[in-house]
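Each remark here refers to the structure printed beneath this line.
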Amino acid sequence: MGKDVIVACDFDSAEKTFEFLDRFTEKKPYVKIGMELFYSEGPSIVREIKKRGHKIFLDLKLHDIPNTVKKAMAVLSGLDVDMCNIHAAGTTAMMTAALEGLTREDGTRPLLIAVTQLTSTDQESMERDILIKDDIKNVVMHYAMTSRNAGLDGVVCSPAEAEAVHAMCGKDFLTVTPGIRFADSAQDDQKRIMTPEAAKEIGSDYIVVGRPITKAEDPVAAYERCLREFVD
């Protein structure tokens, strides 16, 4: 599977989203629909963006008891998204149930990946707030392995961990890496970050880029820069 740049459409309305996406007249980017936009507009925003020819990563990070997640995934499978996700911390039973719910009667399904540790989490906050005392890299590797064993397609991790995930889980196990910033961009609230070019070098399969593109003076130029640095 080829590398790609996923643009995080973290807007609060359909109007702002389509105003942004209408700028892209040549290449339609792979887009991420997160909680803010989905909770604001509901499933209709997914259907409309899909109708316009974009691939979609539906980033809702489900984390609940297995039966609830299974039923929710069965609903999401009908939206024809290309990728969706859950939290690996929800346990193997939850991940297995999610996979069952996502799989349609004909055996097809979107890609399913699991969040390991958010890129806003660092060692200090993980120990203090979540009471996980192990090294953060070990935690990410453990979550990656349990995700693979549950039958998932990959994980969300920081780009710094992508190479190690591939070494442990195989090159076909996808690494989707947020926390991407240009060398001349602000870090914002991300703590474990990397440039697109560096993410390419260490083997990320997909990078998720939000504010460096959506807040840029010229979003199309920023997107094309990401493609040059990560894909080309």
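Structure data summary
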{"quantity": "Counted charge near R148, where neighbours are those whose Cβ lies closer than 15 Å (Asp, Glu -1; Lys, Arg +1)", "calculated": "-3"}
{"quantity": "Where GluC sites (Glu not before Pro) fall in DSSP loop in the stretch 1-47, at most 13 other Cβ within 10 Å", "calculated": "E26"}
{"quantity": "K61 long-range amide H proximity, modeled H, under 5 Å", "calculated": "N85"}
{"quantity": "Over the chain, volume per residue of the alpha carbon convex hull, in Å³", "calculated": "125 Å³"}
{"quantity": "The stretch 58-107-the stretch 1-52 distance, computed between alpha-carbon centres (Å)", "calculated": "21 Å"}
{"quantity": "The chain - percent of accessible surface contributed by carbon and sulfur, probe 1.4 Å", "calculated": "49 percent"}
{"quantity": "Residue of D172, D184, D80 that the Gaussian network model of the chain assigns the largest fluctuation, springs spanning Cα pairs under 10 Å", "calculated": "D184"}
{"quantity": "Three-way shape label, the stretch 52-99, alpha-carbon gyration tensor, a/c 1.5", "calculated": "prolate"}
{"quantity": "Over 18 Å (Cα to Cα) - which of K171/K200; K133/K171; K16/K50; K3/K70; K3/K171 fall in this group", "calculated": "K133/K171; K3/K70"}
{"quantity": "Relative contact order, percent, the chain [alpha-carbon distance under 8 Å, six or more residues apart]", "calculated": "19 percent"}
{"quantity": "Derived scalar couplings ³J(HN,Hα) [the stretch 114-121; Karplus, 6.51 cos²θ - 1.76 cosθ + 1.60; whole Hz; x for Gly, Pro]", "calculated": "10, 6, 8, 10, 4, 6, 7, 9"}
{"quantity": "Net charge dipole size for the chain [Lys, Arg +1 and Asp, Glu -1 on Cβ; Debye, nearest 20]", "calculated": "460 debye"}
{"quantity": "Hz values of 3J(HN,Hα) by residue in the stretch 205-213 - Karplus curve (6.51, -1.76, 1.60), Gly and Pro given as x", "calculated": "8, 10, 10, 10, 10, x, 4, x, 9"}
{"quantity": "Burial order of peptide ranges 220-227, 93-100, 206-213 (average beta-carbon count within 10 Å, highest first)", "calculated": "206-213, 93-100, 220-227"}
{"quantity": "Sequence-distant residues sharing a close amide H with V115 (under 5 Å, placed H)", "calculated": "I86, H87, A88, V156"}
{"quantity": "Residue-normalised accessible area of the chain, expressed per residue, 1.4 Å probe, Å²", "calculated": "47 Å²"}
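The values are calculated or read from the model by the stated rules, or taken from the named source; none is laboratory data. These figures come from a predicted structure and were not determined experimentally. All Cβ positions, glycine included, derive from the backbone under ideal geometry; neighbour counts span all protein chains shown. Ligands, DNA and RNA are stripped out before the accessible areas are found, and what is left, the full protein with its side chains, is counted by its heavy atoms. Shrake-Rupley method; radii C 1.70, N 1.55, O 1.52, S 1.80 Å.
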